[in-house]
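Novice: Just dropping this structure here.
The values are calculated or read from the model by the stated rules, or taken from the named source; none is laboratory data. Here the structure is a predicted model, which is why all the values come from computation and not from measurement. So basically every Cβ, Gly included, is an ideal-geometry build from the backbone, and we count neighbours across all protein chains shown. Protein only, heavy atoms only, side chains kept; ligands, DNA and RNA dropped before computing areas. Shrake-Rupley method; radii C 1.70, N 1.55, O 1.52, S 1.80 Å.
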Amino acid sequence: MPEQRTTKQLIAIQDALKGAEGPLTIEEIHSAASTQVRTLGLRTVYRVVRRLQERGEIVNIPVPGGSDRYETAAVAAKHHHHFHCTTCDRFFDIKGCVGGLEALLPEGFRLEHHDLTLSGRCPACA
Ligand SMILES: [Zn+2]
Ligand SMILES: [Zn+2]
């Protein structure tokens, strides 16, 4: 495969992730990046995503009962959470965090980490 074409595909995939409102599945990356590179194949997206992960540019967000999602390392570095629209099945970044979760812990427990996904309907589906 000519290097120039590979670069175009890489940039299209990077742009898709940078322009996303939340973490994307491989299929969502594929559909967003396809607007730049029409011939982009799903297998190429898998391959490029794996390479970007190895380089530390993007991180994997496991979703219980759903497909893995990916976001840029820059987004991942800032503590945030996600909103899952149960109608269109998209994920959106939520800025900030509720505080005071320590108050939920039983006596003697220490909080080190938390994940929080809110769910409902996005504006387009509400
Ligand atoms: Zn929705
Ligand atoms: Zn939080």
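Novice: Residue separation times 0.36 nm, minus the C-alpha to C-alpha distance between Ser67 and Arg38: what's the value?
Specialist: 8.1 nm
Novice: Calculate, for Arg55 and Ala76, the FRET efficiency according to 1/(1 + (r/R0)^6) with r their C-beta to C-beta distance and R0 22 Å; round to the nearest 0.05.
Specialist: It comes to 0.95.
Novice: With the Cα gyration tensor of segment 1-113 in hand, convert its eigenvalues to equivalent ellipsoid semi-axes via √(5λ) and list them largest first in whole Å.
Specialist: 33, 15, 12
Novice: While we're looking at this one, here's another question. At 1.4 Å probe size, with every protein chain present, just tell me what the per residue accessible area of segment 3-75 comes to in Å².
Specialist: Per-residue value: 57 Å².
Novice: At a Cα cut-off below 30 Å, give the lysines reachable from Lys95, other chains included and same-chain residues fewer than 8 away excluded.
Specialist: Candidates past the 8-residue exclusion: Lys18, Lys78.
Novice: Could you give the length gained by full extension between Ile94 and Lys8, i.e. 0.36 nm per residue of separation minus their alpha carbon distance, to one decimal place?
Specialist: 27.9 nm
Novice: Sticking with this one: Report the calculated FRET efficiency for Arg121 and Asp15 (r = Cβ-Cβ distance, R0 = 35 Å), to the nearest 0.05.
Specialist: 0.80
Novice: Taking R0 as 35 Å, what's the FRET efficiency between Glu27 and Glu102 from their Cβ-Cβ distance, rounded to 0.05?
Specialist: 0.40
Novice: Tell me, what % of the accessible area of the chain is carbon and sulfur with a 1.4 angstrom probe?
Specialist: Carbon-and-sulfur percentage of accessible area, whole number: 53.
Novice: Using the heavy atoms of the protein chains and a 1.4 angstrom probe, tell me the accessible area per residue for segment 77-120 in square angstrom.
Specialist: With the other protein chains kept in place, segment 77-120 gives 79 Å² per residue.
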